[in-house]
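Visitor: Starting off with a structure, shown below.
Read the figures in this text as sums done on the coordinates, not as results from a lab. What you see is a predicted model, and the numbers here were worked out from it, not measured in a lab. We place every Cβ from the backbone using ideal geometry, glycine too, and count neighbours over all the protein chains shown.
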Amino acid sequence: MSDELRVTRTADGVIFTVHVQPRASRCEICPPKEGELRLRLTSPPVDDAANKQCVELIAKALGVAKSRVSIKTGAKSRHKTVEVDGVDPAALATLYKE
C-alpha cells in the first residue's frame, strides 16, 4: 500500500520530495511511500551523477526540459526536495504506476 504524494503548488509549478536509491539495477520511478516519490537510479552517488540522473528522469517522465527541474534541498542526501516549473500537481500522477 502506498501513500499519497505530498505536493506543494508554487507560482511557477510544484515542489515535492523524493527518496533516491542510487546504484539500483534499473532506473525507474516507483509509487510514493510516506509522502515521498521513490526513484531508483543506476548512477552512483559520486560526482553529482545520481542528482543529474534524478533530474533527467523526472524531466523525461513529465515531458519538460531538464532546466525546469531543480533539486532545492538534499543534494547530498537520499531525501531531496525537487521543484518543477511549468507543471501542475495533476501531472505528477502520471509519473508512476500503482
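Visitor: Which of the residues belonging to segment 17-34 are closer than 14 Å to residue 78 by Cα, of a type outside the set (S, T, N, Q) and in contact with a Leu (Cβ under 8 Å, 6 or more places away or on another chain)?
Guide: 18, 19, 20, 22, 23, 24
Visitor: Select the strands (runs of 3 or more DSSP E) contained entirely in the chain, then report the ones holding at least 1 residues which are surrounded by 15 or more Cβ atoms within 10 Å (Cβ to Cβ) and in contact (Cβ under 8 Å) with a residue 24 or more places away in the chain. Lay out the reasoning, then the answer.
Guide: Numbers: elements: 7-9, 13-21, 28-33, 36-40, 69-73, 79-85.
Filter on the chain gives 7-9, 13-21, 28-33, 36-40, 79-85.
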